[in-house]
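Inspection log for the structure reproduced underneath, given as structure tokens.
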Amino acid sequence: MRVMLNYGREGLPIYFPDSWDLSIIEKTAMPVVSDPAGAVSKALKNPVGCKPLAELVAGNLTACILICDITRPVPNAAVLEPLVRELIQAGIAPGAITVLVATGLHRPNEGEELRELVGSPWVLETVRVVNHFARNDADHVLLGATSRGTPVKLDRRFVEADLKIVTGLVEPHFMAGYSGGRKVIAPGIAHRDTITTFHNASFMEHPRSANCVLEGNPLHSDQMEVVGMLGRVFAVNTVIDDKRNLSFVNFGEIEASHLEAVAYMSRYAEIPVKTRYRTVITSGGGYPLDKTYYQTVKGMVGAMGLVEPGGDIIIFSQCSEGMGSKEYVEAQRSLIELGVKGFRESLLKKSRAAIDEWQTEMQLKPMKIGRVHLFSDVLSAGDKQLTGLPCSKEGISALDFIREVIGNPSGPVAVIPEGPYVIPRYETPRGK
């Protein structure tokens, strides 16, 4: 049986023996929008919880539009041009419109990568497109603190804009429940102090800081408090299918539009399952998410509810850009040196997490349930040691690596081709 995993740009086909009992965990077919740009234009005129965009422009002289960075496959080519044209037509001068790349603490997107991200030469030539830098103190405005004590410092280019619009992709998120909406603001354009506070252990270790969970999720709650400090914020939220085609788009008040998009996405992304598996094969999500090992952790966490205690998670992630940030590399070194218990204990004492160490913290969650293994045909041998996982050796095929881990399985094997974009939900059988 041939199964195509999301892996790099092209995907990775694995030809499993017909004798293996495979369960493919995937979305049902999603409807696809035939005219994405037209659907965006229609959404701008038929909003959720607010007036049409053209009416919102009245009395406003400036606008700031947030977009996700290159790690998210947001269909910006379809979204940005209709959005910018509508703003200009409604009376905002092109020079008064800023598209701000919500990098969080990730690196900036520049040059050819920025052109790929924006997806429209016209937008790049017509309005200002810039990156957020979380470490630049002067770029941020202090708005106060949340009820949990998180200092709220946001990029002043967004805070001071008359019209504030975020764009994003709604998909399962292993800490915040679902991405999109408020997440493009915090952590998207937050200062490092804000980001490192609501990524500390009190948030990350909370049982509700999990995939597909909004109610009672402390990270989501803090993010919504941040939004409340800004006044009126509007959003274009999108949903894509497994081939990156636009399936859903809306525009409206940020919370109402986000919840509508989440309701749509949850029907496809949350897959009920009635059994757990000794072996689960998954992916890092493919390009652009699997460019780094840092992002690969999301696939491990997404699969952990499907594996039996003591079982194996085998994750396929290209990691074409290596591990990730230098800070993340240091966190992984600490994990190797301190061990799982020692590393976790070191986190519990901190009010602010070290930059990017929360991803290492999240890796501990699937490691507590079973054994995690990594296949990458790009990651160097030295970097593979830093993962803290058993990894594929150079030149080994995908199937041979799986056999190296589990041999010829006697029981069923689960495969999640899309990785973190699909979340299996184990349903406890009645009477147990």
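For this structure, a couple of remarks:
- The listed residue being among the acidic types (Asp, Glu) and over 30 Å from Gly285 (Cβ atoms), out of Asp155, Asp162: Asp162
- Here Thr71 passes the criteria (1) under 15 Å from Val123 (Cβ atoms); (2) modelled with pLDDT under 95; (3) hydroxyl-bearing (Ser, Thr, Tyr) except the one numbered (1).
- Members of segment 70-118 that are in contact (Cβ under 8 Å) with a residue 40 or more places away in the chain, farther than 29 Å from Gly59 by Cα and over 17 Å from the mean Cα position of the chain (by Cα): Glu113, Glu116
- Qualifying residue in segment 302-309 (condition: modelled with pLDDT of 95 or more, more than 18 Å from His173 (Cβ to Cβ) and in a helix (DSSP H, G or I)): no
- Residue among Ser334, Ser392, Ser410 that alone is in contact with a Phe, Trp or Tyr (Cβ under 7 Å, 6 or more places away or on another chain), without any contact (Cβ under 8 Å) to a residue 60 or more places away in the chain and closer than 15 Å to Asp312 by Cβ: Ser392
- Looking only at residues of segment 249-299 that are surrounded by fewer than 18 Cβ atoms within 10 Å (Cβ to Cβ) and of a type in the set (Val, Ile, Thr), we find that the one that is farthest from Pro424 (Cα to Cα) is Thr275.
- Candidates in segment 193-242 are the residues that are charged (D, E, K, R) and either touching a residue at least 60 places away in the same chain (Cβ under 8 Å) or closer than 25 Å to Ser346 by Cα (or both); of these, the one that is surrounded by the fewest Cβ atoms within 10 Å (Cβ to Cβ) is Arg232.
- Against the list (1) under 30 Å from Ile402 (Cα atoms); (2) touching a Lys or Arg at 6+ places or on another chain (Cβ under 9 Å); (3) part of a loop (DSSP other than H, G, I, E, B), the condition Arg9 fails is (2).
So that you can scan it fast, the table gives a plain yes or no per residue for (1) in contact with a Cys (Cβ under 6 Å, 6 or more places away or on another chain); (2) over 26 Å from Pro36 (Cβ atoms); (3) modelled with pLDDT under 95; (4) of a type in the set (S, T, N, Q):
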| position | (1), (2), (3), (4) |
| --- | --- |
| Arg208 | no, yes, no, no |
| Asp222 | no, yes, no, no |
| Asn237 | no, no, no, yes |
| Lys243 | no, no, yes, no |
| Asn250 | no, no, no, yes |
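- Taken over segment 344-361, residues that are at negative phi, buried (at least 19 other Cβ atoms within 10 Å of the Cβ) and not hydroxyl-bearing (Ser, Thr, Tyr) amount to 7.
- Check on Arg128, surrounded by 19 or more Cβ atoms within 10 Å (Cβ to Cβ), more than 28 Å from Met362 (Cα to Cα), in the same structural domain as Ala235 (by TED's automatic domain parsing) and not β-branched (Val, Ile, Thr): no
- Residue match in segment 402-418 (condition: closer than 30 Å to Glu113 by Cβ and surrounded by fewer than 20 Cβ atoms within 10 Å (Cβ to Cβ)): no
- Selection of first residues in segment 124-146 that are acidic (Asp, Glu) and of second residues that are buried (at least 16 other Cβ atoms within 10 Å of the Cβ) and in a strand (DSSP E or B), restricted to Cβ pairs under 7 Å at least 6 apart or on distinct chains, gives the following pairs, ordered by first then second residue: Asp139/Asp155.
- So Met224, is it of a type in the set (A, V, I, L, M, F, W, C), part of a helix (DSSP H, G or I) and not assigned by TED's automatic domain parsing to the domain that holds Ala331: yes
- Among the residues listed as Gly311, Gly305, Gly339, the single one being surrounded by fewer than 24 Cβ atoms within 10 Å (Cβ to Cβ) and over 30 Å from Thr275 (Cβ atoms): Gly339
- Given (1) under 16 Å from Leu169 (Cβ atoms); (2) modelled with pLDDT of 95 or more, index of the condition Cys319 fails: (1)
- Taken over segment 157-189, the criterion of being in contact with a Leu (Cβ under 9 Å, 6 or more places away or on another chain) and aromatic (Phe, Trp, Tyr) is satisfied by Phe158, Tyr178.
- Close contacts from segment 352-374, counting a first residue that is over 21 Å from Arg192 (Cβ atoms) and a second that is modelled with pLDDT under 95, with Cβ to Cβ under 7 Å and a gap of 6+ residues or different chains, come to Leu364/Val340; Leu364/Arg344; Met367/Val340.
- Subset of segment 33-63 (residues that are in a loop (DSSP other than H, G, I, E, B) and buried (at least 20 other Cβ atoms within 10 Å of the Cβ)): Val33, Pro47, Val57
The values are calculated or read from the model by the stated rules, or taken from the named source; none is laboratory data. Because the structure is predicted, anything quoted here is derived from the model rather than measured. Virtual Cβ from ideal backbone geometry, glycine too; neighbours counted across all protein chains shown.
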